[in-house]
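Read the structure below first, then the notes.
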Amino acid sequence: MEDKEWFSAWFDSPYYHILYAKRDESEAARFISSLQEKLQLSPGSRVLDAACGKGRHAITLQSLGFVVDAFDLSPSNIEAAQAFENKDLLFFVHDLREPLPLQNQYDAIFNFFTSFGYFDDQQDNQKAFDTFSGGLKDGGILVLDFFNPTYVLANLVPVETIEREGISFHIKRWSEKGYLYKSIDFSDQGKAYSFVEKVELVAKNDFISYATKAGLSLVDLKGDYNLSAFDELKSPRMIFVWTKK
């Protein structure tokens with residue numbers, strides 16, 4: 001494993017947060033609340049937010065009455081999130097491919113907003129599902145939210161420029177050999193920067209296969225943050241719900 005994989009360097013950069021600062025957090029909060037209405041997890045349930053970023057969604061989960069653990073690979077993300085810790089909200093640095101400190105302890109594990117598919121080795125995808133499964137109690141729930149590759153490729157915007165905080169981010173998108181790429185080029189204070197995001201176009205059936213091998217059973221699949229039924233051609237997301245056998 002390389003010391004600094006692309007996602008480790010980019011997600012730890014302040015420019016990542018500048019570029020993506022305008023993501024719709026109210027939509028995210030509504031989505032999480034809608035999930036709870038569907039899942040009906042008991043108050044006080046112990047849940048895990050896997051790949052939590054700076055912790056905003058973990059904070060939402062705790063506000064719904066859960067005891068929340070949350071981890072991210074980025075030390076700077078976790079340092080920022082730890083300002084919000086309390087007796088029911090804990091943040092720690094962790095790699096999705098490694099077993100969790102707490103085994104068979106979680107009533108639910110959440111992996112939100114395409115926090116998957118970053119690895120070069122597909123065996124790492126299976127390791128991640130083994131991590132999920134190992135952390136869940138028997139009968140526990142895994143919710144994983146990923147883009148729908150069929151929809152994304154059909155609606156790909158190949159070139160655009162996004163202005164944020166006086167910085168022009170020049171973005172190109174393309175697919176190649178089973179991965180979706182996004183190059184991000186910009187300058188700030190006279191210095192040029194270049195990052196490339198690379199996310200595997202993980203197909204629905206591949207997710208189901210990884211989960212099955214990890215001892216998880218699919219119970220539902222939704223297609224957007226309104227929890228509409230999944231449609232292979234029209235749904236922007238794949239929101240899987242599995243249970244541990």
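Within a straight-line Cα-Cα reach of under 19 Å, LYS177 can be paired with the following lysines, leaving aside sequence neighbours fewer than 8 residues apart in one chain: LYS198, LYS204. The aspartates and glutamates within cross-link reach of LYS172, meaning a Cα-to-Cα straight distance under 17 Å and a gap of 8 or more places when in the same chain, are GLU160, GLU163, ASP185, GLU197, GLU200. Relative to the Cα centre, the charge distribution of the chain, modelled as +1 at Lys and Arg Cβ and -1 at Asp and Glu Cβ, gives a dipole magnitude of about 480 debye.
Classify the chain from the C-alpha gyration tensor, please: rounded if a/c falls under 1.5, else prolate or oblate depending on whether a/b exceeds b/c. Note, shape of the chain comes out prolate. Cα extents for segment 39-84 along the principal axes, largest to smallest and rounded to whole angstrom: 32, 17, 12. To the nearest 10, the accessible area of LYS54 is 80 Å² with a 1.4 Å probe. Based on Cα contacts under 8 Å between residues 6+ apart, the chain shows a relative contact order of 17 percent.
Sort the following peptides by mean Cβ neighbour count (other Cβ atoms within 10 Å, averaged over residues), highest first: 87-96, 109-118. Spell out each step's value before the answer.
Values: 87-96: 17.0, 109-118: 22.3.
Taking the mean over residues of other Cβ atoms within 10 Å, the ranking is 109-118, 87-96.
Packing, as the average of other Cβ atoms within 10 Å across residues, places the peptides 176-188, 120-132 in the order 120-132, 176-188, highest first.
Taken per residue, the accessible surface of the chain reaches 48 Å², heavy atoms only and a 1.4 Å probe. Share of carbon and sulfur in the accessible area of segment 23-137 stands at 48%, probe radius 1.4 Å.
Averaging sequence separations of C-alpha pairs under 8 Å and six or more residues apart, then dividing by the length of segment 1-121, give the relative contact order as a whole percent.
On the way: 149 pairs, mean separation 31.0, N = 121.
Relative CO of segment 1-121 lands at 26 percent.
By the rule of a C-alpha distance below 18 Å, with chain neighbours fewer than 8 residues away ignored, the aspartates and glutamates paired with LYS38 are GLU27, ASP49, ASP107, ASP145, ASP220, ASP224.
The values are calculated or read from the model by the stated rules, or taken from the named source; none is laboratory data. Note that the structure is a prediction, hence the values are computed from the model and not measured. All Cβ positions, glycine included, derive from the backbone under ideal geometry; neighbour counts span all protein chains shown. Accessible surface is based on the protein model in full, side chains and every heavy atom, while ligands, DNA and RNA are left aside. Shrake-Rupley method; radii C 1.70, N 1.55, O 1.52, S 1.80 Å.
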